[in-house]
Structure formats: C-alpha cells, structure tokens
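Undergrad: Sending over a structure as structure tokens; questions will come in a sec.
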Amino acid sequence: MKAVVAIPTYNEAQNLPGIVARTRRAVTADILVVDDASPDGTGELAEKLAAADPAIHVMHRAGKGGLGKAYLAAFAWAEEHGYTHVVEMDADGSHHPEELHRLLARADEPDHPDLVIGSRYTRGGRIRGWSKARELLSRAGNLYIKVMLGLPVADATAGFRVYRLDTLARIGLDVEASGYFFQTDMTAHVVSHGGTAVEVPITFTERLAGESKLSGAVFSESLRRTTKMGVRRYLGLLKR
Ligand SMILES: Nc1nc2c(ncn2[C@@H]2O[C@H](COP(=O)(O)OP(=O)(O)OP(=O)(O)O)[C@@H](O)[C@H]2O)c(=O)[nH]1
Ligand SMILES: [Mg+2]
C-alpha cells in the first residue's frame, strides 16, 4: 500500500500546519495539499511545509473551484505518481489524522474494498461540537440519500475516505458535482460500477478554526441532485 492524503484547502492557514504535522506523525503516507489560491496565504504556507519535508506536496489551482474539482485534480495527480490509495481529509480538524490508520488498515484487508468511508453514522461513530439541529439535518439528508439512491452506507456525505486508485482508473471520474454533493456522487459512482463501499466509525468534530463555507445553497444543491438522481434510478427500476 502506497497512500497519499489529499487535503483540499481554502483559507485554512490557521489549521493546515497542525493537521499536516499530526498526519505525518500518525501514518506512513505522503500528503498532497490542493490549494485554490486562498487569499489568506494557505498556499505559501503549504510551500514552506513542503520545502521542509519531501513527503509533502502542493498543488496550486487558479481560484476557488469547489471541493469536487480539487479532489478530481488530486486523484489524477495520485494516479500519475504511482500511489495505490488516495485519502480525502479536510484541513479544518473535523477529521482526526489519529484515526486515519484505522481507515487505511480497513482498505488493506484481504477483501480490498474500493472505498472506505470514515463514518459518523455507523455503529460507534460520533459527532462532537455540532448543534442538535445541524446533526439532525445531516442525518435526515443521509437517510433521504439512502432511500433515493439505495446506497449501502449510512454516511454517504462523509468527507474522510480512502479510495483504491486502480478502481478510480477503471470506473473513470465522470462525476458532475463540483461542490459538496461530490461525496455522495462519488459513492453512487463507485457502487453503480459494482464497487464495494464499507464504513469505519469515526469521531467527527466541528472545525477547529476559521470560517465555515457551508450554506443554504449547498444544502439545496444536494437535495435537488439527490432527488434528480433518485427519480432517474426509480424510473430505471420500473422499466426493468
Ligand atoms: N481546494 C479547495 N478546497 C476547498 C474548497 N471548498 C472547501 N475546501 C476545503 O474542503 C474542506 C471541507 O470544507 P469545509 O469548509 O470545512 O466544509 P464543511 O466541513 O462542510 O463545513 P464547515 O466545517 O462547517 O466549514 C476544508 O479543508 C476546506 O478548506 C474549494 O473550493 N477548493
Ligand atoms: Mg469542515
């Protein structure tokens, strides 16, 4: 197993150094920071970290292009550079680098799952620091996704994951979503190509510092896309 941890950043200067240091301590894996020209200087900071450690790499993109596009660029980079697995992890501390070894260990088990999700909603998963309302919204969203898309996981929107790169190469990266629906879209993409998606419980915590980029628009985009995808799926099932 040769893994690279892709960390997308947009204005995460306060969080990035700590997350990178914790990740390097916690696991044997390289790091790729994908920065979308953050105005707060996250990109320059990442360059400094990379200059001091050959396992750390940086990709600079021209402007804020969305989480999905950043990850797609990271997947392509990881494939080109001969990794076997690519990890998705937020820079804001919501995902704990100290739990990553469990996801990687699951990915390395004999059944070699195509996708390992660090899950808040599987047995043993936890959320710290969210209001009841935000947790309920997230849980309801996942339930709706489960019913509409028939995905075999409890947390399809989670952003802490490990993908097999040979699987991504085989199924292609033909996903529409550039924003936050990307995670659900990718889960559906893997499953619809016969891939396996499994879950490992994690403890998710509210971001350590900085501003949230989540908005009502994000939520309505997810709702709209899930509905559209689900209706298409049910129509397909009816035709058969
Ligand atoms: N490269 C890049 N990274 C992004 C973009 N949007 C968000 N990110 C990063 O993606 C990760 C997840 O985004 P967050 O803003 O934490 O989204 P969230 O976790 O749903 O919501 P909060 O934690 O409440 O802000 C963080 O590391 C962000 O810096 C983007 O357009 N480009
Ligand atoms: Mg976050």
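All of the numbers you see were taken from the coordinates with simple rules; none came from a lab. None of these values were measured; they are calculated from a predicted model. Ideal geometry is used to build each Cβ from the backbone, glycine not excepted, and the neighbour counts take in all protein chains shown.
Undergrad: What's the local net charge at Lys239, with K and R +1, D and E -1, over the other residues with C-beta under 12 Å away? Working shown, then result.
TA: Working: positive: Arg232, Arg233, Arg240; negative: none.
Within the 12 Å Cβ shell, the charges total +3.
Undergrad: Can you list which of the chymotrypsin sites (Phe, Trp or Tyr not before Pro) found in segment 51-149 are DSSP loop residues with at most 16 other C-beta atoms within 10 Å?
TA: Values: sites: Tyr71, Phe75, Trp77, Tyr83, Tyr121, Trp130, Tyr144; in loops: Tyr83, Tyr121, Trp130.
Here the sparse-neighbourhood loop sites are Trp130.
Undergrad: With charges set only on the Cβ (+1 for Lys and Arg, -1 for Asp and Glu), what does the dipole of segment 20-112 come to about its Cα centre, in debye to the nearest 20?
TA: Values: 9 positive and 17 negative charges, 27 e Å.
About 140 debye.
Undergrad: Measure nothing fancy, just the Cα-based angle from helix 216-239's long axis to the longest principal axis of the chain, in degrees from 0 to 90, nearest 10.
TA: So the helix axis and the longest Cα principal axis differ by about 40 degrees.
Undergrad: Once you wrap a convex hull around the alpha carbon atoms of segment 1-111, what is its projected area averaged over all directions, in nm²? Walk me through the numbers on the way to the answer.
TA: Values: hull surface 26.5 nm².
The Cα convex hull of segment 1-111, projected and averaged over all directions, gives 6.6 nm².
Undergrad: For Val33, list long-range residues whose amide hydrogen, built 1.01 Å from N in the peptide plane, is under 5 Å from its own amide hydrogen.
TA: The list, which skips near neighbours in sequence, is Ile7, His57, Val58, Met59.
Undergrad: If I take every Cα pair under 8 Å that is 6 or more residues apart in segment 1-106, average their sequence separation and divide by the length, what percent do I get for the relative contact order?
TA: Numbers: 174 pairs, mean separation 43.0, N = 106.
The normalised contact order for segment 1-106 reaches 41 percent.
Undergrad: For segment 101-163, what is the convex hull (Cα atoms) projected area averaged across all directions, in square nanometres? Don't skip to the answer; put the middle values down first.
TA: Values: hull surface 19.4 nm².
It is 4.9 nm².
Undergrad: Okay, next question. Restricting the count to DSSP beta bridges whose residues both fall in the chain, what percent are antiparallel, rounded to a multiple of 5? Kindly include the intermediate steps, with their values, before the conclusion.
TA: On the way: 7 of 30 bridges.
So the antiparallel bridges amount to about 25 percent of the total.
Undergrad: Would you be so kind as to identify which of Ala91, Tyr144, Pro17 lies farthest towards the positive end of the dipole of segment 13-156, taking Lys and Arg as +1 and Asp and Glu as -1 on Cβ and the Cα centre as origin?
TA: Tyr144
Undergrad: Over segment 78-125, what per residue volume does the convex hull of the Cα atoms give, in whole Å³?
TA: Working: hull volume 4.8 nm³, N = 48.
In segment 78-125, the Cα hull volume divided by residue count equals 100 Å³.
Undergrad: Explain nothing, just the number: dipole magnitude of the chain about its Cα centre with +1 on each Lys and Arg Cβ and -1 on each Asp and Glu Cβ, in debye rounded to the nearest 20. All intermediate terms of the calculation are to be shown ahead of the outcome.
TA: Details: 30 positive and 29 negative charges, 228 e Å.
The calculation lands at about 1100 debye.
Undergrad: Can you compute 3J(HN,Hα) from phi for each residue in segment 8-22, using the Karplus curve 6.51 cos²θ - 1.76 cosθ + 1.60 with θ = phi - 60°, rounded to whole Hz and x for Gly and Pro?
TA: Here the 3J(HN,Hα) series is x, 9, 9, 6, 10, 4, 6, 9, 4, x, x, 5, 5, 4, 5 Hz.
Undergrad: With 31 Å as the limit, write out which pairs from Lys2/Lys48; Lys146/Lys239; Lys64/Lys228; Lys2/Lys228 have Cα-Cα distances beyond it, or answer none. Before the final figure, lay out the partial values.
TA: Working: Lys2/Lys48 24 Å; Lys146/Lys239 21 Å; Lys64/Lys228 26 Å; Lys2/Lys228 37 Å.
Violating the 31 Å Cα-Cα cut-off are Lys2/Lys228.
Undergrad: For the Cα atoms of the chain, what angle does the longest principal axis make with the long axis of helix 132-149, in degrees from 0 to 90, nearest 10?
TA: That works out to roughly 60 degrees.
Undergrad: Find out how many positive minus negative residues lie around Tyr121, taking Lys and Arg as positive, Asp and Glu as negative, among other residues whose Cβ is under 12 Å from that of Tyr121. The partial results should precede the final answer.
TA: Numbers: positive: Arg120, Arg123, Arg126, Arg139, Lys146; negative: Glu135, Asp155, Glu199.
For residues surrounding Tyr121, the net value is +2.
Undergrad: Report P(r) for segment 9-57: all Cα-Cα distances, bin width 5 Å, range 0 to the bin holding the largest distance, values in whole percent.
TA: Pairs per bin, as whole percents: 5, 24, 34, 23, 11, 2, 0.
Undergrad: What is the sum of charges around Ile145, taking Lys and Arg as +1, Asp and Glu as -1, for the other residues whose C-beta is under 15 Å from the C-beta of Ile145? Before the final figure, lay out the partial values.
TA: Numbers: positive: Arg120, Arg139, Lys146, Arg224, Arg225, Lys228, Arg232, Arg233; negative: Asp155, Asp185, Glu199, Glu221.
Residues close to Ile145 contribute a combined charge of +4.
Undergrad: Mean shadow of segment 140-218, computed from the convex hull of its alpha carbons, in nm²? Show your work: numbers first, answer last.
TA: On the way: hull surface 25.3 nm².
Average of the hull's projected areas for segment 140-218 equals 6.3 nm².
Undergrad: Ratio of alpha-carbon Rg to the 2.2 N^0.38 Å globular estimate for the chain, to two decimals, please. Display every interim value, and only then the final one.
TA: Working: Rg = 17.1 Å, N = 240, 2.2 N^0.38 = 17.7 Å.
After normalising by residue count via 2.2 N^0.38 Å, the value is 0.97.
Undergrad: Moving to a separate point now. Could you size up the charge dipole of segment 168-240 around its Cα centre, putting +1 on the beta carbon of Lys and Arg and -1 on that of Asp and Glu, and report it in debye to the nearest 20?
TA: That gives a dipole near 460 debye.
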